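Only one structure is covered here, and it is reproduced in the block below.
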Amino acid sequence: MLPTSPEPTVLRILLAEPLEPAADARLAAGASVIRPPASDERSLIQHIAECDAMIVRTHNHVSRRVLEAGKRLRVVGVAGVGTDRVDVEAASELGIAVLNTAHASSDAVAEFTIALMLELLRPVGRLYAAYKSGCYAASRAQPHGVELRGLCVGIVGMGRIGSRVARLCSAGFECRVLYNDIVEVGPFPFAAAAVEKIELWRTCDVISLHVPLTAQTRGLIDAAALAHFKPGALLINTARGPVVRLDALRDALRAGRLGGAALDVTDPEPLAQGDPLFSMDRCILTPHVAARTQAGLQGMFGIVDDVLEWLRARAAGK
């Protein structure tokens, strides 16, 4: 009688929250999917023990306690760019890999950043509202903004997204581009010059943030930094909410030191409905949607395929 082959081990993957039907189906085709009733720490701990992997969204908190409860856990996949909600240090200590979709939404966020710049400079929404209310002639009576072309744009964080924004500004709008990064980057196929932060604050008409959330970047834009900004400068944040101190931003906008701000991310998130920023004419707030184009989301949901491939490779001894 021929010996029988052992039954293949069924992979078990905890899915903290649904992604979208096609990605969920791909995951279910390659593994047994554990779907907890909630994505809070307690629920994740209760369901992670026998799982080989976990897939989370960027807003899900994966603490050391969750990681330690995963006795078989080998990899955490994050559907998005940011891994600041994962205790990466604990994961490293426990030998657990952390994967993300770093390139998934770079173009989406870069284009959204440019859209925010243009809306601050040329307030289309406000002009439409005025026209709709019957103020056609009054809306045309005075100039309503300035062109992005020719302004000095400062990029803080010249990585995948920041460099795309810089390219669009430099090559597309003929802006003067200055940038600051904690590592040496470049050269770039467009005109851009590296400067210290203090020069960037003092020189740039528009400052756009594209940094990860770290101990160095938390509270980077505070009252001290804003005090050095060029009078009338615009601030754009499509990076991480805690990079900007909202109390300092409110004060700078009230005092007129800033010409405007556009925030796709805030701390806390979401903001309370009565937050003063919602009533400030020169402040644009969007609900953390810069990455959420159809292509951007599809790219982020590709974490399903990355995690399955990672597990299969390890099973094959690669």
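The values are calculated or read from the model by the stated rules, or taken from the named source; none is laboratory data. In this text the structure is predicted, and so the values were computed from the model without any measurement. When we count neighbours, we look across all protein chains shown, and the Cβ atoms used for this are built from the backbone with ideal geometry, even at glycine. In case anyone asks, the SASA skips ligands and DNA or RNA and just uses the protein heavy atoms, side chains included. Shrake-Rupley method; radii C 1.70, N 1.55, O 1.52, S 1.80 Å.
Remark: Val185 matches the filter, which requires a residue to be free of Cβ contacts under 8 Å to residues at least 60 places away in the same chain and among the β-branched types (Val, Ile, Thr). Considered as a group, the residues in the stretch 145-175 that are of a type in the set (Lys, Arg) and out of contact with any Asp or Glu (no Cβ under 9 Å at 6 or more places or on another chain) include one that is nearest to Leu120 (Cα to Cα), and that residue is Arg167. Applying a threshold of 7 Å to beta carbon distances and a minimum spacing of six or more residues, or different chains, the list of pairs starting in the stretch 219-245 at a residue that is in contact (Cβ under 8 Å) with a residue 24 or more places away in the chain and ending at one that is polar (S, T, N, Q) and assigned to a loop (DSSP other than H, G, I, E, B) reads Gly241/Thr266; Val243/Thr217. Exactly one residue out of Ala102, Ala97, Ala108, Ala79 is open to solvent by less than 50 Å² (accessible area, probe 1.4 Å), out of contact with any strand residue (DSSP E or B) (no Cβ under 8 Å at 6 or more places or on another chain), among the hydrophobic types (A, V, I, L, M, F, W, C) and touching a residue at least 60 places away in the same chain (Cβ under 8 Å): that is Ala108.
The set of residues from the stretch 217-244 being under 17 Å from the mean Cα position of the chain (by Cα) and of a type outside the set (Gly, Ala, Ser) comprises Thr217, Arg218, Leu220, Ile221, Leu235, Ile236, Asn237, Thr238, Arg240, Pro242, Val243, Val244. For the stretch 255-289, a residue qualifies if it is within 23 Å of the chain's Cα centre (by Cα) and part of a helix (DSSP H, G or I), and the qualifying residues are Leu277, Phe278.
Of all residues in the stretch 168-199, those satisfying the criterion of being farther than 17 Å from Val211 by Cα and charged (D, E, K, R) are Glu174, Arg176, Glu199. Between Arg85, Arg57, Arg65, which is charged (D, E, K, R) and over 23 Å from the mean Cα position of the chain (by Cα)? The unique qualifying residue is Arg65. Scanning the stretch 255-293 for residues that are among the acidic types (Asp, Glu) and open to solvent by 50 Å² or more (accessible area, probe 1.4 Å) gives Asp267, Glu269, Asp281. Any chance you could count how many residues in the stretch 228-254 are part of a helix (DSSP H, G or I), open to solvent by 70 Å² or more (accessible area, probe 1.4 Å) and not charged (D, E, K, R)? Qualifying residue count for the region: 0. Among all residues of the stretch 28-45, there is none that is open to solvent by less than 10 Å² (accessible area, probe 1.4 Å), under 23 Å from the mean Cα position of the chain (by Cα) and more than 30 Å from Val165 (Cα to Cα).
Do you know which residues across the stretch 251-300 are of a type in the set (Gly, Ala, Ser) and closer than 30 Å to Asn100 by Cα? Of everything in the stretch 251-300, those that are of a type in the set (Gly, Ala, Ser) and closer than 30 Å to Asn100 by Cα turn out to be Ala261, Ala262, Ala272, Ala290, Ala291, Ala295, Gly296, Gly299. Quick test for you: out of Val81, Val56, pick the one residue that is outside any strand (DSSP E or B) and of a type in the set (Val, Ile, Thr). Answer to the check: Val81. Within the stretch 187-215, being at pLDDT 95 or above and among the polar types (S, T, N, Q) holds for Thr203, Ser208. Filtering Ile48, Ile13, Ile55 for residues that are open to solvent by less than 40 Å² (accessible area, probe 1.4 Å), farther than 13 Å from Ile303 by Cα and in contact with a helix residue (DSSP H, G or I) (Cβ under 7 Å, 6 or more places away or on another chain) leaves a single hit, Ile48.
Entry remark, the stretch 60-76: residues being in contact with a Lys or Arg (Cβ under 7 Å, 6 or more places away or on another chain) and surrounded by 22 or more Cβ atoms within 10 Å (Cβ to Cβ) number 1 in total. Can you confirm whether the stretch 92-109 contains a residue that is within 17 Å of Gln294 (Cα to Cα) and touching a Ser or Thr at 6+ places or on another chain (Cβ under 7 Å)? Taking every residue of the stretch 92-109 in turn, at least one turns out to be within 17 Å of Gln294 (Cα to Cα) and touching a Ser or Thr at 6+ places or on another chain (Cβ under 7 Å).
For Met300, are the conditions met, namely being open to solvent by less than 70 Å² (accessible area, probe 1.4 Å) and over 13 Å from the mean Cα position of the chain (by Cα)? When the stated conditions are applied, Met300 does not pass them.
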